[in-house]
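Worksheet: the structure to be examined is printed underneath.
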Amino acid sequence: MARFELKLPKMGESVAEATITNWLKEVGDKIEADEAVLEIATDKVDSEVPSEVSGVLVEKLFDKDDLVQVGQTIAIIETEGGVSGSETNEEVVPAAVAEVAKTVEAAKESVAAVASGSTDFSDSDKFFSPLVKNIAKEEGVSVAELEMINGTGKEGRVTKNDILDYVKNRGNKAVATPVKTVETPNAVPVAQKAAPVSISGGDEIVEMDRMRKLIAGYMVASVQTSAHVQSFIEVDVTNIVKWREKHKNAFEKREGEKLTYTPIFMEAVAKALKDYPGMNISVDGDFIIKKKNINLGMAASLPNGNLIVPVIKNADQLNLVGMAKAVNDLGGRAKAGKLKPDDTQGGTYTVTNVGTFGSVFGTPILNQPQVGILALGAIRKMPAVIETPEGDFIGIRQKMFLSHSYDHRVVDGALGGSFVKRVAEYLEAFDVNRDF
């Protein structure tokens with residue numbers, strides 16, 4: 001017999017940790033190679049961790065809701081095979097197991113108190129690591145106090161140093177007060193707790209799921225971080241509607257992909273971002289980061305009603321066929337819950353199609369740390385004035401609104417308005433004679 005260490009796999013360049021949300025296998029269960037052993041969740045994506053070998057699960061090193069770092073051993077699987085020769089295997093395995101036990105013991109120290117029934121922080125909309133929760137419990141820091149701390153970690157998270165600094169400062173004062181604001185791009189003010197809601201006997205109380213809590217936190221943090229302002233423009237997309245109706249069947253037959261309006265719109269946005277690189281930036285404190293690549297986020301609605309934003313990498317380098325394949329692939333995997341953590345990372349600008357649900361236009365909230373997001377309204381038949389050499393007349397045209405939200409800290413009306421106007425110009429100048 002040999003023992004195999006199942007580790008938390010790398011899930012993308014910017015993903016360093018994940019939370020265990022569910023164990024699919026219990027100790028003693030048989031596992032086939034490539035069979036899922038547990039479910040994990042990063043900040044934005046839920047996924048499964050499969051086993052690389054066949055065998056029996058003999059030890060689970062972390063519990064549900066524990067935070068695990070990439071590369072950490074999370075389970076031990078006993079396999080039939082081993083190193084060459086049974087004697088060698090018997091000598092090597094005990095040493096390996098001892099080393100694993102040592103690693104596990106060190107890893108569990110930070111989560112032991114939480115796992116053994118520490119203070120429940122589920123009422124909070126913010127994410128706190130098990131280590132931070134443990135320190136809060138030991139130091140008597142309430143959930144309300146913890147939420148007031150300005151986190152300096154990624155996405156404004158409260159780090160170990162943040163809470164230790166808070167405890168130190170609190171100890172020097174008669175009344176507990178929040179720590180001073182740290183000047184970092186991730187230090188986001190936290191909204192005050194809402195007033196109590198009146199509940200009657202017939203009302204149903206449903207707790208938000210993990211993803212909805214994260215979305216709620218992101219949206220509040222975005223509004224508190226950026227000065228949102230909007231520009232709107234109406235676009236005549238009659239040529240696009242006619243062209244798609246003419247070519248959609250041939251496109252699907254040749255490419256094996258459905259041709260929707262989304263890739264056409266994404267193509268126009270990518271072109272406009274090349275023309276106006278000032279919209280393809282991020283803010284880091286007092287510095288502006290000009291992004292080299294154009295990575296378009298595509299807001300997608302999940303079957304459970306939650307929202308996710310997969311990213312089309314290097315969108316400006318794709319032709320219409322490539323864009324359609326990318327849109328369909330990411331959209332399909334989003335609905336099936338098959339997105340990987342890296343699929344939602346690295347976006348530089350986001351597009352959301354509110355017209356899918358019949359909305360004429362919307363005022364979307366920025367997807368931090370991006371400085372712009374474009375909402376696509378519903379396409380409608382509208383009476384319009386058509387100019388001709390013979391004079392003006394009224395005709396029926398296919399029109400829609402583009403709603404552009406942008407960060408007024410770094411994007412003024414001239415840039416924000418010019419950018420959305422350029423998108424409209426690309427759409428209205430769509431070549432009806434083009435191939436796909």
Long-range HN-HN contacts of PHE4 with modeled amide H, under 5 Å: ILE77, GLU78, THR79
Residues with amide H under 5 Å from that of GLY151, placed H, sequence gap 5 or more: VAL188
Sequence-distant residues sharing a close amide H with GLY362 (under 5 Å, placed H): SER403
Under 13 Å, Cβ to Cβ, from LEU296 - net charge with Lys/Arg +1 and Asp/Glu -1: +1
Mean-position separation - Cα centroids, the range 356-391 and the range 265-327, in angstrom: 18
Above-threshold pairs, the threshold being 27 Å between Cα atoms, out of LYS133/LYS335; LYS10/LYS248; LYS126/LYS292; LYS64/LYS168; LYS60/LYS137: LYS133/LYS335; LYS10/LYS248; LYS126/LYS292; LYS64/LYS168
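Readers should treat all values here as calculations from the given coordinates under stated rules, not as data from a laboratory. Note that the structure is predicted; figures quoted are calculated from it, not measured. Here the Cβ is made from the backbone with ideal geometry for all residues, glycine too, and neighbour counts use every protein chain on show.
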